[in-house]
1. In segment 58-98, how many residues are of a type outside the set (Phe, Trp, Tyr), closer than 30 Å to Leu248 by Cα and within 21 Å of the chain's Cα centre (by Cα)?
2. For segment 16-29, indicate whether the set of residues that are outside the structural domain of Gly258 (by TED's automatic domain parsing), more than 23 Å from Ile270 (Cβ to Cβ), free of Cβ contacts under 8 Å to residues at least 24 places away in the same chain and β-branched (Val, Ile, Thr) is non-empty.
3. List, please: which pairs have Cβ atoms under 6 Å, are six or more places apart or on different chains, and start with a residue in segment 159-177 that is assigned by TED's automatic domain parsing to the domain that holds Tyr190 and end with one that is surrounded by 15 or more Cβ atoms within 10 Å (Cβ to Cβ) and among the basic types (Lys, Arg)?
4. Of the numbered conditions (1) closer than 28 Å to Ala203 by Cα; (2) of a type in the set (S, T, N, Q); (3) surrounded by fewer than 19 Cβ atoms within 10 Å (Cβ to Cβ); (4) at pLDDT 85 or above, Ser23 satisfies every one except a single condition; which is it?
5. I'd like the full set of residues that are closer than 16 Å to Ser161 by Cβ and part of a loop (DSSP other than H, G, I, E, B), limited to segment 176-207.
6. Determine the pairs where a residue that is of a type in the set (Asp, Glu), located within segment 203-230, has a partner that is at pLDDT 90 or above and buried (at least 20 other Cβ atoms within 10 Å of the Cβ) with Cβ atoms under 8 Å apart, the partner being 6 or more residues away or on another chain.
7. Limited to segment 81-127, what total is found for residues that are surrounded by 15 or more Cβ atoms within 10 Å (Cβ to Cβ) and free of Cβ contacts under 8 Å to residues at least 60 places away in the same chain?
8. Restricting attention to segment 178-194, which residues are touching a helix residue (DSSP H, G or I) at 6+ places or on another chain (Cβ under 8 Å) and either polar (S, T, N, Q) or more than 12 Å from Glu96 (Cβ to Cβ) (or both)?
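The values are calculated or read from the model by the stated rules, or taken from the named source; none is laboratory data. Not measured: the values here are computed from a predicted model. No Cβ is skipped: glycine too gets one built from the backbone with ideal geometry, and neighbour counts run over all protein chains shown.
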Amino acid sequence: MTKNPAKKEQFVKLVLVAFALSSLLFLFLIFIFILFEGLPLFHKVGLKNIIVGSKWAPTKGFFGIYPMIVSSFLVTFGALVIGAPMGLSCAIYLSEYSGKKMKMFLKPALELLAGIPSVVYGFLGVIYIVPLIRNYIGGSGFSLLATSIILGIMILPTIISISFDSLMSVPKTYREGSFAMGATKWQTIYKVVIPAARSGILASFILGMGRAIGETMAVIMIAGNALRIPTSILDPLRTLTGNIALELAYATGDHRLGLFSTGVVLLVIIMILNYVANFGIKRKM
């Protein structure tokens, strides 16, 4: 009777390890596939001509993706400017001010935002955000501003969830000690709780950036997809993800390799952001 449970335990452990390794295998295969398809063009054209090149015309031999790299970071920064304060404010309210019933209702409701398809966000952006910008601010409406607003909303679940967990992980003794010194609730939150959870909060912002820079469908619908660096928040733009999605269906030869090279750059950026975020989460306490 003692050997049987031990064997079952070992079997379950092996099965779980196999599943864990299979997920890593899929990630490794995707990474190798993108590198295998994208690196030949870097060798043929040159890393500098692709990363720093300002002209994208694959049929004429120009593979510069610099405008798209800049546009991707501008959109991501705009999304963070909009989403980070909102997300952190929601997390603070949920962790410090809301009651049990309100918390049980609000947190799942906010997390449902993550389950809404990106095409729905893009559709709402085209129907409501773009006309508002066009009528009251100017331009065509398909712009950096519209894209930043939509992405700012889309990254809210990521920021709220991780920031909330970080704030809740701060020991109660920190708060009690602050109250004992005569601090108000807001002073305690601002001076004690947020600094104690700052690594986790920063990690939520970085993961939100990764979510924003990797978004495709909603960006295609509202960005305007212009192949130039935007000089105003009302200018249209094209991101790395948008470029791949728009052209991959009909690309052949070097054009196709150029899109995979774009994917390599995007993959490296997202991996760096995730690594930094995970490093921050490990150091949050």
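1. 13
2. Yes, segment 16-29 contains at least one residue that is outside the structural domain of Gly258 (by TED's automatic domain parsing), more than 23 Å from Ile270 (Cβ to Cβ), free of Cβ contacts under 8 Å to residues at least 24 places away in the same chain and β-branched (Val, Ile, Thr).
3. Final answer for the pair search is Ser166/Lys284.
4. (4) is the only condition that Ser23 fails.
5. Scanning segment 176-207 gives a single hit, Ala197.
6. From residues that are of a type in the set (Asp, Glu), the pairs are Glu215/Leu151; Glu215/Met154; Glu215/Thr241.
7. The qualifying residues number 9.
8. Residues satisfying the conditions are Ser178, Phe179, Ala183, Gln187, Thr188, Lys191.
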